[in-house]
Amino acid sequence: MNMPTSPDTRSCSKVSEVFSRVGDKWSMQVVVVLQSQPQRFNDLRRQVNGVSQQMLTRTLRFLERDGLVERTVLGTSPPQVSYALTPLGRSLAEPVRALAAWALGNLETLQDNRRHYDAAHEEGAK
């Protein structure tokens with residue numbers, strides 16, 4: 001992997017652009033669901049809690065455009081569509097799992113920090 005040795009604003013900007021796409025509310029969930037096996041649209045929708053049909057369609061198109069998800073039309077009658085992670089998408093699954101583990105492991109601390117911050121700043125505003 002070609003990683004810069006020290007961050008600069010240009011590389012941070014590029015990384016932020018990628019994070020905004022793959023780190024949005026629905027993309028991360030789609031990647032996690034697809035990491036185990038390809039899924040048809042309705043199966044995927046059932047597993048991604050709370051996503052609308054329109055938003056899932058949009059998310060899958062963005063992921064397909066970035067080369068992270070492959071869409072395959074199955075030769076059934078009526079035709080069905082299956083979605084799977086590409087090799088690039090599979091390479092994203094591990095960092096997503098690591099980030100999810102970090103978030104879950106630190107969620108309580110983050111929430112405590114927010115409460116303390118909000119309480120301190122609420123008192124200072126009076």
Q | Test: Arg65 is surrounded by 11 or more Cβ atoms within 10 Å (Cβ to Cβ), within 22 Å of Val18 (Cα to Cα) and basic (Lys, Arg) | A | no
Q) When the residues of segment 75-111 are filtered to those that are of a type in the set (D, E, K, R) and modelled with pLDDT under 95, which remaining residue is farthest from the chain's Cα centre (by Cα)? A) Glu94
Q: For segment 12-31, indicate whether the set of residues that are exposed (fewer than 10 other Cβ atoms within 10 Å of the Cβ), at pLDDT below 95 and not in a helix (DSSP H, G or I) is non-empty.
A: no
Q. Within the set of pairs 6 or more residues apart or between chains, which connect a residue that is in contact (Cβ under 8 Å) with a residue 12 or more places away in the chain and under 23 Å from Phe62 (Cβ atoms) inside segment 7-21 to a residue that is assigned to a helix (DSSP H, G or I) and not acidic (Asp, Glu) with Cβ atoms less than 6 Å apart?
A. none
Q: Answer yes if at least one residue in segment 75-85 is on the phi > 0 side of the Ramachandran plot and loosely packed, with under 15 Cβ neighbours inside 10 Å, and no otherwise.
A: no
Q: Would you mind finding the one in Arg58, Arg114 that is under 25 Å from Val18 (Cβ atoms) and at pLDDT 95 or above?
A: Arg58
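Here is a yes/no grid of residues against (1) under 13 Å from Val31 (Cα atoms); (2) out of contact with any strand residue (DSSP E or B) (no Cβ under 9 Å at 6 or more places or on another chain); (3) aliphatic (A, V, I, L, M):
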| residue | (1), (2), (3) |
| --- | --- |
| Arg65 | no, yes, no |
| Glu70 | yes, no, no |
| Tyr83 | yes, no, no |
| Pro87 | yes, yes, no |
Q: Select from segment 32-55 the residues that are over 22 Å from Pro95 (Cβ atoms) and assigned to a helix (DSSP H, G or I) and list them in ascending order.
A: Phe41, Asn42, Asp43, Arg45, Arg46, Gln53, Gln54, Met55
Q.
Against the conditions (1) loosely packed, with under 11 Cβ neighbours inside 10 Å; (2) assigned to a helix (DSSP H, G or I); (3) modelled with pLDDT of 95 or more, where does Glu122 fall short? Just the number, please.
A. (3)
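The values are calculated or read from the model by the stated rules, or taken from the named source; none is laboratory data. Being a predicted model, the structure only gives us computed values, none of them experimental. When we count neighbours, we look across all protein chains shown, and the Cβ atoms used for this are built from the backbone with ideal geometry, even at glycine.
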